[in-house]
Every structure is written in structure tokens, then in C-alpha cells.
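The values are calculated or read from the model by the stated rules, or taken from the named source; none is laboratory data. These figures come from a predicted structure and were not determined experimentally. Cβ atoms come from the backbone with ideal geometry, glycine included; neighbour counts cover every protein chain shown. To get the accessible areas, we keep the full protein, side chains included, count just its heavy atoms, and leave off ligands, DNA and RNA. Shrake-Rupley method; radii C 1.70, N 1.55, O 1.52, S 1.80 Å.
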Amino acid sequence: MTEYTEVLDTSGLSCPLPILKSKKALKAMNIGDILKIISTDAGSEKDIASWCRVTGQELMNSDKEDGKYIYFVKRLK
Amino acid sequence: MSEEKPKRMAIIAGKGGLDEAYPPLILGSTASALDFEVAIFFTFYGLDIVNKKKLKKLKVAPLANPAMPGIGPIQIPNFIGGLPGMTFMATKMMKSWMNNAGVATIPDLLEACILGDVQLIACQMTMDVMGIKREDLIDELEVGGAATFLEFAKDADITMYM
């Protein structure tokens, strides 16, 4: 179980909304906080990782549960 | 990484079909979420994407569009696409696919671009040619010419014409 600060459910939404909403949510959090993102978009598997690499945030963990994709992103900056 | 110069993307949006409005707005809004500096230059029919009265009513034409799907397995002959009402039908169909797939609407994506500080530039020359007034376009953009766009694009890492 990964600890997290806030959770964002983007179920049912397609590209680019999971990224746009994740960005907005993370921006409102403090450095060191962890955002749990839930998505049903298969494209998010690659996109969340790319977004983290490009913006310098840490993708701590990703997982698949009941057809949903779960990500834990730590705000580093 | 924060000391690094941000990446920059410059897009020219020259088309005003519903399907053609998505790529510049999706890439523009996503690039802003990736901390890029983004500018979109709207010219010719691309101006419809930022036209207050038209942006919610963009259409997709089935005529001369061989990729347009038929009804079930039945492919609709191309010339039928030219009949009255077919553009309306094709537009309705595409909007319903987009909605079912949870894709953002054009107004939503435009809003995301604005919130992400994407620079929106309307082409002065094509506004004059097409008789479009400043007040016809959304308030958040600026009006400029080729040099305005090129000044931004000269330092761009990615430049695209759509």
C-alpha cells in the first residue's frame, strides 16, 4: 500500500484530460505530497510516465486493478 | 530542471473542421501541462476555432472523406455525402463518439489552453480578408501577423502546421 495525500479519479475520461487534470491537481499540492491518480484510459500508461519524466515529477508506483490504472505521483518541484 | 529553459512549441492552426480543431488544442493544452511554452497561430478557417459564435458549432464534412465510416457494414457512397443534411449527420455522429469516449469538447480544450497560458494569436491578415472583427473572436487571444508568430517560433523546439 502506497501512502498518498490526495486522490484524483479520471475514470471515463480520454486523452488529454487525465494529464490536464493531474497537472492541475499536482500544482495545488505541496512539494513532497503524493497524488493517487485513477484512470480508465489505456493510453495513460505511457502518458502519465512521459508527463512525469518531462516535468521532473516522480512516478513512484503504477498498478492495474479491475481494469483501472492506478498511479502514484510525488510532487518533486 | 527549473533553471533550464522551458521547451517551446509553435503551432499553426489553419483548418476549422471539428476533427481538425482537436489536434492543435490537444497538443497545445497537453504541452502546457508538460511545462512547455506554447503558441497557436490561428489563420484562415482555423480562426473558427477561436470565433465566439462558431467554436461550439464546428462541423465535419463527409464529402470527399474516404475515412468516414458507414452505417454498420454499409459504406455510404461518397456522392451521398454531398446531399443536404449529411454534414449535420456526420457532425452529430462524431460528437457522439467523442462524448462516449470521454474526450473533452472543443470549448473545454480551449479553456484548458487558456488556463495553461497557451499564447493564442489570431492572424490579422486573414481576419481582414474574411471580414472577421476582433470582437468576433474570444477575448483571451491577441491579434498579430506572420512576424509575431515567427518571433515566438524562432526559438521553438517543435513547430507544426495543422
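When A:VAL54 is tested against (1) within 12 Å of chain B (Cβ to nearest Cβ); (2) within 22 Å of B:ASN100 (Cα to Cα); (3) of a type in the set (A, V, I, L, M), exactly one condition is not met: (2).
Could you check, for segment B:17-27, whether at least one of its residues is on the phi < 0 side of the Ramachandran plot, touching a residue at least 12 places away in the same chain (Cβ under 8 Å) and part of a loop (DSSP other than H, G, I, E, B)?
Within segment B:17-27 (the criterion being on the phi < 0 side of the Ramachandran plot, touching a residue at least 12 places away in the same chain (Cβ under 8 Å) and part of a loop (DSSP other than H, G, I, E, B)), the answer is yes, since at least one residue qualifies.
Using the structure shown, decide if B:VAL50 is farther than 30 Å from B:PRO6 by Cβ, touching a residue at least 40 places away in the same chain (Cβ under 8 Å), away from chain A (no Cβ under 14 Å) and open to solvent by less than 30 Å² (accessible area, probe 1.4 Å).
Values: farther than 30 Å from B:PRO6 by Cβ: no; touching a residue at least 40 places away in the same chain (Cβ under 8 Å): yes; away from chain A (no Cβ under 14 Å): yes; open to solvent by less than 30 Å² (accessible area, probe 1.4 Å): yes.
Here the answer is no, as B:VAL50 does not meet what is asked.
If you scan segment B:13-48, which residues turn out to be closer than 23 Å to A:TRP51 by Cα and of a type in the set (Phe, Trp, Tyr)? Passing the criteria: B:TYR22, B:PHE36. Residues in segment A:13-24 that are at the interface with chain B (Cβ under 9 Å from one of its Cβ atoms) and open to solvent by less than 20 Å² (accessible area, probe 1.4 Å): A:PRO16, A:ILE19, A:SER22.
Scanning segment B:7-47 for residues that are open to solvent by 10 Å² or more (accessible area, probe 1.4 Å), within 13 Å of chain A (Cβ to nearest Cβ) and touching a Gly at 6+ places or on another chain (Cβ under 7 Å) yields one hit, B:SER32. Residues that are within 11 Å of the chain's Cα centre (by Cα) and more than 17 Å from A:GLU3 (Cβ to Cβ) were ranked within segment A:25-45; the one that is farthest from the other protein chains (Cβ to nearest Cβ) is A:GLU45. Hey, among the residues in segment B:101-130 that are more than 10 Å from chain A (Cβ to nearest Cβ) and among the β-branched types (Val, Ile, Thr), which one's surrounded by the fewest Cβ atoms within 10 Å (Cβ to Cβ)? Result: B:VAL129. Scanning segment B:54-88 for residues that are surrounded by 15 or more Cβ atoms within 10 Å (Cβ to Cβ) and outside any loop (DSSP other than H, G, I, E, B), we see that the one that is nearest to the chain's Cα centre (by Cα) is B:THR87.
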